[in-house]
Structure formats: structure tokens, C-alpha cells
Amino acid sequence: MNEIAYLGLGSNVGDRRVNLQATVECLWAHDVVVLASSSVYETEPVGEVLDQRAFFNAVLRVETALGPEQLLDACKAVERAFGRTLAGEDGYVKHGPRPIDVDLLLLGELEYSSERLVLPHREVTSRRFVLVPLLELAPGLMVPGRGPAADALARIDGQDVVVAGPPLEVGP
Ligand SMILES: Nc1ncnc2c1ncn2[C@@H]1O[C@H](COP(=O)(O)OP(=O)(O)OP(=O)(O)O)[C@@H](O)[C@H]1O
Ligand SMILES: Nc1nc2c(c(=O)[nH]1)N=C(CO)CN2
């Protein structure tokens, strides 16, 4: 059965918009149908590494027949295609600079936890750079197990997010 999922994209190395756009094309090649993109936002770094270049972030609405672990595999394969160092590998820096980050934010109504995957994404309700584009695509969204996305956004202080450009092209 096909499900709707939301993916969070981020880039702060190289041509950030080009990287986000290329990610859409790469997702199609991994059996992920890209239905819609939010605007592209420029956002201040959040997390354990604050002294790095600002990110470009966007959220995609996608449709796929892949299960949760397979969809995570697709996200990781796309990151790998950009030459990214993945968690567990030499040179990996948690929250550090990266040409592309693809996070699986939500998969339908699923609440799921395994060694390598938590759904909804652990940080989906604490990051403005995720919630602003997510609400642009899905106003009124409820995050399974956590309530309205808009309420979560209202609880966040700081974390600058400004529109940097129009939505990504979503065709294959
Ligand atoms: N919903 C999820 N989406 C993506 N990765 C997840 C998810 N839940 C757990 N993970 C795990 O998190 C690991 C680290 O992910 P990643 O390299 O993107 O971390 P990060 O971008 O530095 O930090 P963050 O996870 O806070 O965004 C992945 O290898 C993956 O196994
Ligand atoms: N603004 C912003 N900050 C981040 C981002 C990101 O995509 N945008 N990704 C990170 C690694 O997951 C860490 N910090």
C-alpha cells in the first residue's frame, strides 16, 4: 500500500539549492514519488555545531510503497550519492557541515522505533527549520503521538528561518 511521507532536506556545503534540487531527482531513482516541495529556506545552524555556514532547508511530500526501513535506506543512499560521510563512519561529525541531509520526518501515521530509525523523527517538533516548511506543505498537520505541529512551532524560541527561494521542481 502506498503511504504519504514527509522528508526534511538540508544542505550547507557547495551550491545549496542545486544540492536540494539534485536530491529530488535522486529520490525518484529510488522509487520515491515526489509530490510537492516547500519553499527553500535559509536557516541558522541548530544543534551541537553552531559555528558553520547557514543551511538551506526544505521539506518534501512524497508517496512510496517502501516500508520504513527501506525508505530510510533510500534516504541514506541519496546522502551517499553526494559523497556524504554517514553516522558510524570515520570523519562523521554529528550536526556538522554536509552537502545533503535527508531525514525521514513522518511516514503516514506510523509510530515506530528500531535501532536505526525513530518515527516521527525525534527532532521534528523541536526544529523551526523543519516545522516552518512542514506547515507550509501541510497546514493543520498533527504529529503522531505529539499533537499539532503548529503548537510545537509556537513553543520554539529563536532559530532564524527566512525564505531563500521558491519550491524545488518536483518532476522526475
Ligand atoms: N527518522 C529518522 N530519519 C533519519 N535518520 C534517522 C531517523 N531516526 C533515526 N535515524 C538515525 O540517525 C542516524 C544519524 O542521522 P544523521 O547522520 O542524519 O544525523 P544528524 O543529521 O547529524 O543529526 P539529526 O539526526 O539530529 O538530524 C542515521 O544513521 C539513522 O540511523
Ligand atoms: N539550520 C539547520 N541546522 C542544522 C541542520 C539543518 O538542516 N538546518 N542539520 C543538522 C544536522 O542534522 C544540524 N543543524
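Of the candidates A154, A77, A54, which one comes out as most mobile in a Gaussian network treatment of the chain with C-alpha springs shorter than 10 Å?
In the Gaussian network model the winner is A154.
In which sequence would D73, D157, D151 go, from the one with the fewest C-beta neighbours within 10 Å to the one with the most?
D157, D151, D73
List the GluC sites (Glu not before Pro) within the range 3-59 that DSSP assigns to loop and that have no more than 12 neighbouring Cβ atoms inside 10 Å. Please list the in-between numbers first.
On the way: sites: E3, E25, E42, E48; in loops: E48.
Sites meeting the loop and neighbour criteria: E48.
Compute the normalised compactness of the range 38-112: alpha-carbon radius of gyration over 2.2 N^0.38 Å, N being the residue count.
In units of the globular-protein estimate, the range 38-112 measures up at 1.21.
Pick from E89, E123, E69: which is most flexible by mean-square fluctuation in a GNM of the chain where alpha carbon atoms under 10 Å apart are linked?
E89
Please identify every one of the trypsin sites (Lys or Arg not before Pro) in the range 79-171 that sits in a loop by DSSP and has no more than 13 other beta carbons within 10 Å of its own beta carbon.
Here the trypsin sites (Lys or Arg not before Pro) that fit, given the DSSP loop and packing criteria, are K94, R116, R122, R146, R155.
Determine, for L7, L66, the number of other Cβ atoms within 10 Å of each Cβ, and report the residues in order from fewest to most.
L66, L7
Would you compute the Debye intensity of the chain from its alpha-carbon atoms alone, equal scatterers and no solvent, and pass along log10 I(q)/I(0) at q = 0.13, 0.15, 0.16, 0.18 Å⁻¹ to two decimals?
For the chain at q = 0.13, 0.15, 0.16, 0.18 Å⁻¹, log10 I(q)/I(0) is -0.58, -0.80, -0.93, -1.22.
Taking loop as defined by DSSP and a crowding limit of 11 other beta carbons within 10 Å, which chymotrypsin sites (Phe, Trp or Tyr not before Pro) in the range 64-142 fit?
Answer by residue number: there is no such site.
Kindly put V33, V49, V78 in sequence by how many other C-beta atoms sit within 10 Å of each C-beta, fewest to most.
V49, V33, V78
What length, rounded to one decimal in nm, is gained on full extension from W28 through to E48, with 0.36 nm per residue of separation minus their alpha-carbon distance?
4.0 nm
What number, in percent, do you get for the relative contact order of the chain if the mean sequence gap of Cα pairs under 8 Å and at least 6 apart is divided by its residue count?
Details: 339 pairs, mean separation 57.1, N = 172.
So the answer I get is 33 percent.
Read-outs throughout are calculated quantities, based only on the coordinates presented, and are distinct from any laboratory measurement. This is a predicted model, so every value here is computed, not measured. Ideal geometry is used to build each Cβ from the backbone, glycine not excepted, and the neighbour counts take in all protein chains shown.
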